[in-house]
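Let me begin by presenting the structure, written as C-alpha cells, before commenting on it.
The values are calculated or read from the model by the stated rules, or taken from the named source; none is laboratory data. Note that the structure is predicted; figures quoted are calculated from it, not measured. Here the Cβ positions follow ideal geometry from the backbone for every residue, glycine too, while neighbour counts run over all protein chains shown. Accessible surface is based on the protein model in full, side chains and every heavy atom, while ligands, DNA and RNA are left aside. Shrake-Rupley method; radii C 1.70, N 1.55, O 1.52, S 1.80 Å.
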Amino acid sequence: MNRPSGFSDRVDPALRDGLALYETLGLTQNQQLTTDVIIALRAQGNAAVSAFLADVSHDERVARHDHVIDGPTGEDLLVRVYQPRSSTGALPALCGSTAEA
C-alpha cells in the first residue's frame, strides 16, 4: 500500500503492528474485515498450519488422543491431548484444537 510520507508517525504506536499485519494479509486500504474475509483468512491459516504439521514427524514416546466435545455454540470441537507413554499416573497435558482430525 502506498502511504503518504509520515503516515506511520500519525498512527497510534499500539496499532502499528496490527496495521502491518493487515497489510501483510493482503488486505487493501478500502477492504473491510467482514465475516467472509475472516473466514477466508482462517481457512488460509489452517491450510498453512496443516501443511507445516504434515512435515513434522510423530514422536512415538508421546501418546495422542483426540476427543470431540461440544464447542461454545454447539459445533464439534476437536481436543487433542498429548501424554508421555511412560507416565503411570495423572499428569498435566497439552491440549489444543485443530481444523482437522
Checklist outcome for this item: Of the residues in the range 1-12 that are modelled with pLDDT of 70 or more and more than 24 Å from I38 (Cα to Cα), the one that is most open to solvent (accessible area, probe 1.4 Å) is R10
Next on the checklist: For the range 69-94, which positions are without any contact (Cβ under 8 Å) to a residue 12 or more places away in the chain and touching a Leu at 6+ places or on another chain (Cβ under 8 Å)?
Outcome noted: I69, D70, G71
Checklist entry - Within the range 26-48, how many residues turn out to be open to solvent by 80 Å² or more (accessible area, probe 1.4 Å) and either aliphatic (A, V, I, L, M) or touching a Leu at 6+ places or on another chain (Cβ under 7 Å) (or both)? => result 2
Item to check | Selection count, the range 83-96, where residues are modelled with pLDDT under 80, outside any loop (DSSP other than H, G, I, E, B) and open to solvent by less than 100 Å² (accessible area, probe 1.4 Å) | outcome: 2
